[in-house]
Structures are given as C-alpha cells and as structure tokens.
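Undergrad: The structure is given below, and queries will be raised subsequently.
The values are calculated or read from the model by the stated rules, or taken from the named source; none is laboratory data. These figures come from a predicted structure and were not determined experimentally. Note: ideal-geometry Cβ built from the backbone for every residue, glycine included; neighbour counts use all protein chains shown. Ligands, DNA and RNA are stripped out before the accessible areas are found, and what is left, the full protein with its side chains, is counted by its heavy atoms. Shrake-Rupley method; radii C 1.70, N 1.55, O 1.52, S 1.80 Å.
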Amino acid sequence: MPRTISIFGDSISTFEGCNPEGFAVFFTPERATASGLAGPSDTWWTLLADALGEKVLANGSYSGSMVEGAGFPASWSPERIAAVAGKDGATPDDIVVFLGINDYGWAGARNQAAGRSAAMPPATDLESIPPAVAGMAPADAIDGFAQAYDRMLESLHAAYPNATIWCCTLVPGRLAGEDHPTFAWSLRGVGLAAYNEAIGQAAARHQGARLVDACALGLDYEAIDGTHPTARGMRQLAGMFLAGMAAAGSAQAARALNLDEVPGESQARQAVVADERWGFSDAGGAEAWASRDWCPRRACVGCPWAKGTGNAWYCVCTQPRSGF
C-alpha cells in the first residue's frame with residue numbers, strides 16, 4: 001500500500017470538491033479557470049503527493065482560516081484536526097501544514113474579528129471587539145501566533161501520533177505578469193520572517209514535527225493576486241516544498257528530485273530550479289524568480305504603494321522596481 005499524505009492549509013490549499021463539506025473554498029471553478037488550473041491534478045498538493053509516490057488521504061484546508069482564533073475554523077480546533085483523517089477514519093503517514101499567511105495578513109485574531117472576516121470563528125466575543133479597519137500589528141501578534149501554532153501541533157500529534165508533520169514556512173508570492181518581486185514583506189509592521197521563525201521554533205519543539213523551510217530557498221511563486229497561485233505557482237510551490245522536505249532529511253523527497261542522497265539547502269534549491277517540472281527553468285531560472293525585499297519601510301500601512309492594508313488586504317507592493 002502506498003504511503004498517505006494529508007494537507008492542512010488555508011485558501012491556497014483549497015479546491016472545490018476536495019475539502020470537507022461546509023469548509024470555505026477559494027478555488028471555485030471560476031477562480032480555478034482564471035488561475036489556469038484545469039483540475040485538482042494541477043494543485044500543489046497533488047503534484048507533491050505524486051512526486052513522493054503517496055496518495056492524498058484528506059485535505060482539511062479552509063479558506064481564510066488562521067492558526068490563531070477563538071475556535072473553528074482556527075487550525076487547532078477539534079473540527080480542523082479531525083479533517084486530517086480519511087473518511088473511514090484512516091490516519092495519514094504524512095501531514096503537510098501550510099498555514100499562517102492569514103495570521104500575517106491580519107496580524108492577529110483580534111484584527112480579523114474587528115474586520116469581521118467571513119472566516120472569523122463564530123465563538124469570537126464580538127461585544128468586546130467593535131468593528132474597525134485593521135491597522136498596525138499589536139505588540140503580541142507573534143506571541144499569539146506562536147502559542148496557537150504550538151497548540152495546533154500538540155493536537156495534531158495527539159490525534160495522529162505516528163504521522164510526520166511537515167511544517168512549511170510561508171513563501172512570498174509574486175503578482176502574475178510581473179518580472180520582479182511584488183511581495184509586501186512587512187504588511188502591518190511585523191515581518192514575514194518573524195512568522196517563519198515562530199514556525200521553525202515550534203517545529204523544533206514538538207515531537208513528530210519537521211521544518212520545511214521553503215522560504216529559505218529564496219524564491220517567489222507566481223500568484224494571480226499576489227497570494228493565490230496560478231498553475232505555474234502551484235508547480236513552484238510543490239517544487240519548493242519538495243526541496244524543503246529533502247533538505248529536512250526526506251530521502252523520499254530527495255529521490256523525487258533525482259538526487260542520490262539527502263541534499264543540503266543549496267543543492268536542493270539548484271535541483272528544483274533546474275527541473276522544468278517545477279516552473280522555474282522555463283521562465284528565467286533562479287535569478288528571475290529570486291525573492292528580494294527592496295523596500296526600506298518597516299510597515300506597509302499608510303504607504304501609497306501598498307495595494308491594500310485594510311480589511312481587504314493584499315500582500316502586494318505596487319512600487320516599480322526602479323523605485324527601490
């Protein structure tokens with residue numbers, strides 16, 4: 001029997017018909033078509049599973065969800081943890097966690113609640129949180145995220161003690177059609193690096209967890225709106241996660257990259273960029289897709305070049321490259 005893999009994510013990892021009934025989905029047929037996705041076979045998780053020779057058991061992703069929150073659909077909630085299992089109660093061999101971009105975007109559950117997000121947990125005490133336009137991150141934004149990530153990993157390990165939990169760092173998206181990085185690296189004053197550091201520290205603390213440091217590869221992925229992947233972006237994410245798993249010690253991932261031994265980070269990066277399957281080599285290679293944070297500003301709130309920093313936020317900087 002092939003090994004099985006379950007996916008635990010947010011909107012980037014949804015596709016209509018692939019997630020539990022009632023879970024919010026971003027990739028409806030219309031959005032999938034606009035992104036160039038012909039079907040679930042074009043998603044990053046199917047591509048990753050196929051490369052590893054594994055079968056997708058379940059995809060417990062929920063569009064708009066955060067790691068932090070007062071209850072479902074926050075990642076630690078019992079309903080989310082249960083969605084990792086197969087329909088017959090089967091448990092996965094691997095769980096790939098790709099969560100946190102909404103925590104970064106909102107900078108905390110309170111901002112999400114104040115913005116009245118559709119993915120806000122119904123259990124939130126709204127009487128103590130008046131409606132507001134989300135602004136700068138509160139001082140405890142990373143602490144709240146880290147505590148919730150710990151709680152999520154504790155719950156996943158308790159429910160699936162024999163599974164390896166692969167914790168993926170957050171990766172910068174690039175607006176489709178642009179030939180230079182467009183990611184907003186410090187949307188509300190707390191940089192993406194701080195969230196990735198919290199993910200790495202959590203993975204190191206928890207039994208059964210391993211870090212997939214995709215961001216350390218220094219590559220962007222193509223996204224239709226700066227966050228949600230195009231078909232090329234899905235391939236790029238799959239390749240980056242594969243490289244991150246290989247660098248984390250997965251011989252299975254190393255073989256999928258046609259490497260004879262478990263690689264270092266640099267070798268894994270070279271392998272994924274050179275392989276046309278992953279969407280980098282046919283579009284300029286490593287240099288063309290290199291991530292760069294050119295902006296000296298430490299927050300996007302109030303910046304005229306930010307595409308959006310309120311309740312309809314985007315991780316996109318519109319300033320031309322020549323302006324940096």
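Undergrad: For the stretch 79-100, which positions are among the β-branched types (Val, Ile, Thr) and either in contact with a Cys (Cβ under 7 Å, 6 or more places away or on another chain) or under 13 Å from ASN162 (Cβ atoms) (or both)?
TA: Narrowing the stretch 79-100 to residues among the β-branched types (Val, Ile, Thr): 81, 84, 91, 95-97.
Of everything in the stretch 79-100, those that are among the β-branched types (Val, Ile, Thr) and either in contact with a Cys (Cβ under 7 Å, 6 or more places away or on another chain) or under 13 Å from ASN162 (Cβ atoms) (or both) turn out to be VAL84, THR91, ILE95, VAL96, VAL97.
Undergrad: Something else: Which of the residues spanning the stretch 171-215 are closer than 30 Å to HIS157 by Cβ, of a type in the set (A, V, I, L, M) and open to solvent by 40 Å² or more (accessible area, probe 1.4 Å)? Walk me through how you get there before you give the answer.
TA: Initial filter on the stretch 171-215 (closer than 30 Å to HIS157 by Cβ): 171-173, 190-215.
Filter again for of a type in the set (A, V, I, L, M), leaving 171, 190, 192-194, 198-199, 202-204, 209, 211-212, 214.
Once the filter is applied, which keeps residues that are closer than 30 Å to HIS157 by Cβ, of a type in the set (A, V, I, L, M) and open to solvent by 40 Å² or more (accessible area, probe 1.4 Å), the stretch 171-215 yields ALA193, ALA204, LEU211.
Undergrad: Looking at the structure I just gave you, is GLY69 of a type in the set (Gly, Ala, Ser) and at pLDDT 95 or above? Give the steps one after another, and end with the answer.
TA: Details: of a type in the set (Gly, Ala, Ser): yes; at pLDDT 95 or above: yes.
When the stated conditions are applied, GLY69 passes them.
Undergrad: Does ALA113 satisfy the criteria of being open to solvent by less than 50 Å² (accessible area, probe 1.4 Å) and more than 25 Å from ALA159 (Cβ to Cβ)?
TA: On the way: open to solvent by less than 50 Å² (accessible area, probe 1.4 Å): yes; more than 25 Å from ALA159 (Cβ to Cβ): yes.
Here the answer is yes, as ALA113 does meet what is asked.
Undergrad: Of all residues being polar (S, T, N, Q) and in contact with a strand residue (DSSP E or B) (Cβ under 6 Å, 6 or more places away or on another chain) in the stretch 3-37, which is farthest from ALA251 (Cα to Cα)? Just the residue, please.
TA: This residue is ASN19.
Undergrad: What number of residues within the stretch 289-318 satisfy the criterion of being hydrophobic (A, V, I, L, M, F, W, C) and either loosely packed, with under 14 Cβ neighbours inside 10 Å or more than 24 Å from ILE101 (Cα to Cα) (or both)? Steps first, please.
TA: Kept after step one, since they are hydrophobic (A, V, I, L, M, F, W, C), are these residues of the stretch 289-318: 289-290, 294-295, 299-301, 303, 305-306, 312-313, 315-317.
Keeping just the survivors that are either loosely packed, with under 14 Cβ neighbours inside 10 Å or more than 24 Å from ILE101 (Cα to Cα) (or both) gives 294, 312.
Looking only at that region, the number is 2.
Undergrad: Tell me, which strands (runs of 3 or more DSSP E) wholly within the stretch 1-108 include 2 or more residues that are surrounded by 24 or more Cβ atoms within 10 Å (Cβ to Cβ), touching a helix residue (DSSP H, G or I) at 6+ places or on another chain (Cβ under 8 Å) and hydrophobic (A, V, I, L, M, F, W, C)? Talk me through it step by step, then tell me what you get.
TA: Values: elements: 4-9, 55-59, 94-98.
Ranges flagged: 4-9, 94-98.
Undergrad: Turning to a different aspect of this structure: Would you check which residues across the stretch 282-316 are under 11 Å from HIS180 (Cα atoms) and touching a residue at least 24 places away in the same chain (Cβ under 8 Å) and list them?
TA: Pass one, the stretch 282-316, residues under 11 Å from HIS180 (Cα atoms): 287-294.
If the condition is that a residue be under 11 Å from HIS180 (Cα atoms) and touching a residue at least 24 places away in the same chain (Cβ under 8 Å), then ALA288, TRP289, ALA290, SER291, ARG292, ASP293, TRP294 are the ones that fit.
Undergrad: Can you tell which of ASP282, ASP275 is modelled with pLDDT under 95 and touching a Ser or Thr at 6+ places or on another chain (Cβ under 7 Å)? Can you show your working first?
TA: Working: ASP282 fails: touching a Ser or Thr at 6+ places or on another chain (Cβ under 7 Å).
The match here is ASP275.
Undergrad: Enumerate the pairs (first residue in the stretch 168-192 and on the phi > 0 side of the Ramachandran plot; second residue anywhere and among the β-branched types (Val, Ile, Thr)) with beta-carbon separation below 8 Å, excluding pairs fewer than 6 apart on the same chain, so at least 6 apart or on different chains.
TA: GLY189/VAL301
Matching residues to (1) part of a loop (DSSP other than H, G, I, E, B); (2) in contact with a Ser or Thr (Cβ under 7 Å, 6 or more places away or on another chain):
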residue: GLY249; (1), (2): yes, no
residue: ASN258; (1), (2): yes, no
residue: PRO263; (1), (2): yes, no
residue: GLN270; (1), (2): no, no
residue: GLU287; (1), (2): no, no
residue: TRP294; (1), (2): yes, no
residue: ARG298; (1), (2): yes, yes
residue: GLY302; (1), (2): yes, no
residue: ASN311; (1), (2): yes, no
